[in-house]
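The values are calculated or read from the model by the stated rules, or taken from the named source; none is laboratory data. Please read all numbers here as calculations on a predicted model, not as lab measurements. Every residue, glycine as well, gets a Cβ built from its backbone with ideal geometry; the counts of neighbours run over all protein chains shown. These area figures cover heavy atoms from the full protein model, side chains too; ligands, DNA and RNA do not enter into them. Shrake-Rupley method; radii C 1.70, N 1.55, O 1.52, S 1.80 Å.
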Amino acid sequence: YETGRKLEQVVEENKRFKAANKNLQNEIVGFREDIEKNKSQRERLEELLAELKKQIVEGWVSDVAAQKESAERDSQILEDISSLQEKSKEREQKLTDITDKLEGELGLLVSFLDNVAS
């Protein structure tokens, strides 16, 4: 009887071990599936990261080029403004010289007319 009882306990214990083993195997299969999903998701994220890095670099290069172009245009505009100011000063000086000459000539003309009138 005791031997039969022990055999029964061993058989029951064996069934529990088999059930537990089956559960663990199912969990292992689930873990492997999760690993594969995570792996493919990681690959997609790495591709996305690479694409985003590429876009950032392209944007940065474009931005630097635009800044350089803008700086060159600003520099040219500054040169043009300086040149225009210089020309304006030269014209102002010429006009001052012409005005001075005309005033001198006008003074001579007034003296001449005064002499003619007297």
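Odds and ends about this structure:
- Count of lysine pairs in the stretch 1-102 with Cα separation under 28 Å (8 or more residues apart, or interchain): 13
- Entry for mean projected area of the Cα convex hull in nm² (calculated from the structure that is shown) out of [x] 14.4; [y] 7.8; [z] 6.9: [x]
- Rounded to the nearest 20, the Cβ-based charge dipole of the chain about its Cα centre (Lys and Arg +1, Asp and Glu -1) stands at 1600 debye.
- Taken one residue at a time, the phi angles of the stretch 36-50 give Karplus couplings (6.51, -1.76, 1.60, θ = phi - 60°) of 5, 4, 5, 5, 5, 5, 4, 4, 4, 5, 5, 5, 4, 4, 4 Hz. Gly and Pro are set to x.
- Ranking Ser62, Asn14, Asn26 by Cα position along the charge dipole of the chain, where only Lys, Arg, Asp and Glu carry charges on their C-beta atoms, puts Asn14 farthest toward the positive end.
- Highest mobility in the GNM of the chain, judged by mean-square fluctuation with C-alpha springs under 10 Å and restricted to Gly59, Gly107, Gly30, is found for Gly107.
- FRET efficiency, Gln67 to Glu43 (Cβ-Cβ, R0 41 Å, nearest 0.05): 0.70
- Carbon + sulfur, % of accessible area of the chain - ligands and nucleic acids excluded, 1.4 Å: 57 percent
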